[in-house]
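Notes for the one structure printed next.
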Amino acid sequence: MRCPFCAHDDSQVKDSRPTEDNTAIRRRRQCEGCGARFTTFERVQLRDVMIVKSGGKDGETRREAFDRGKLEQSVALACRKRGIEQERIDQLISGIQRQVETAGESEIPASRIGEMVMDGLRQLDSVAYIRFASVYRDFSEAKDFEEFASTVQQAGSAGE
């Protein structure tokens, strides 16, 4: 494993243990070049899945490999400053990744992943859900927020 500090190619594993949700192995490593310590995570990847993105400026369809990092980044942004335990966020992300990899398809529309995130955030935190929806559904005016928030409030009061 390449050292993130000095780019030396060799590091030694000092400690290995499963993460709390048992979806990855956490490894503490020490660089043999500079002696710095860093953590890596090893996850099972069942298959390579391509994400199909349509639309954009030119209306063309693009394909790119599923990237857990992008998923983590967008969910983290929606959950920022919400006081949600990192473990619950990690479980949401791992659950979505598992659904994507076990769907049996080599290509999945980005819209399906967006809906999976929306479903997960709806159950996790209503503000994070609205934040994600505002980007995902491309809200352009304040009334878009108001209309969407009112449907969230109605759904919340119907479940009581």
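Quick one: Arg82 ticks every box in (1) in contact with a helix residue (DSSP H, G or I) (Cβ under 7 Å, 6 or more places away or on another chain); (2) farther than 16 Å from Glu115 by Cα; (3) at pLDDT below 90 bar one, so which box is it?
Tallying (1) in contact with a helix residue (DSSP H, G or I) (Cβ under 7 Å, 6 or more places away or on another chain); (2) farther than 16 Å from Glu115 by Cα; (3) at pLDDT below 90, Arg82 fails exactly one: (3).
Looking at segment 37-47, can you tell me whether even one residue there is surrounded by 12 or more Cβ atoms within 10 Å (Cβ to Cβ) and over 22 Å from Leu92 (Cβ atoms)?
Scanning segment 37-47, I find at least one residue that is surrounded by 12 or more Cβ atoms within 10 Å (Cβ to Cβ) and over 22 Å from Leu92 (Cβ atoms), so the answer is yes.
Would you confirm whether any residue within segment 41-59 is of a type outside the set (S, T, N, Q), under 17 Å from the mean Cα position of the chain (by Cα) and within 19 Å of Ser134 (Cα to Cα)?
Yes, that holds for at least one residue.
Quick one: is Ala110 farther than 20 Å from Ala24 by Cα, in contact (Cβ under 8 Å) with a residue 40 or more places away in the chain, among the small types (Gly, Ala, Ser) and surrounded by fewer than 19 Cβ atoms within 10 Å (Cβ to Cβ)?
Here the answer is yes, as Ala110 does meet what is asked.
Within the bounds of segment 57-77, is there any residue that is exposed (fewer than 14 other Cβ atoms within 10 Å of the Cβ), under 26 Å from Ala142 (Cβ atoms), of a type in the set (Gly, Ala, Ser) and without any contact (Cβ under 8 Å) to a residue 40 or more places away in the chain?
no
List the number of the failed condition for Leu71; all other conditions in (1) farther than 19 Å from Val44 by Cα; (2) at pLDDT 90 or above; (3) out of contact with any strand residue (DSSP E or B) (no Cβ under 9 Å at 6 or more places or on another chain) hold.
(1)
Sort out which residues of segment 1-36 are farther than 19 Å from Ile93 by Cα, exposed (fewer than 13 other Cβ atoms within 10 Å of the Cβ) and of a type in the set (S, T, N, Q), and write them in order of number.
Once the filter is applied, which keeps residues that are farther than 19 Å from Ile93 by Cα, exposed (fewer than 13 other Cβ atoms within 10 Å of the Cβ) and of a type in the set (S, T, N, Q), segment 1-36 yields Gln12, Ser16.
Checking Ser126 against (1) more than 15 Å from the chain's Cα centre (by Cα); (2) of a type outside the set (Val, Ile, Thr); (3) within 29 Å of Phe5 (Cα to Cα), which single condition isn't satisfied?
With respect to (1) more than 15 Å from the chain's Cα centre (by Cα); (2) of a type outside the set (Val, Ile, Thr); (3) within 29 Å of Phe5 (Cα to Cα), Ser126 is out only on (3).
Determine whether Glu20 is more than 19 Å from Pro109 (Cα to Cα), in contact (Cβ under 8 Å) with a residue 40 or more places away in the chain and under 25 Å from the mean Cα position of the chain (by Cα).
Criteria met by Glu20.
The values are calculated or read from the model by the stated rules, or taken from the named source; none is laboratory data. If you're wondering where the values come from, they're calculated on a predicted model, not measured in any experiment. We place every Cβ from the backbone using ideal geometry, glycine too, and count neighbours over all the protein chains shown.
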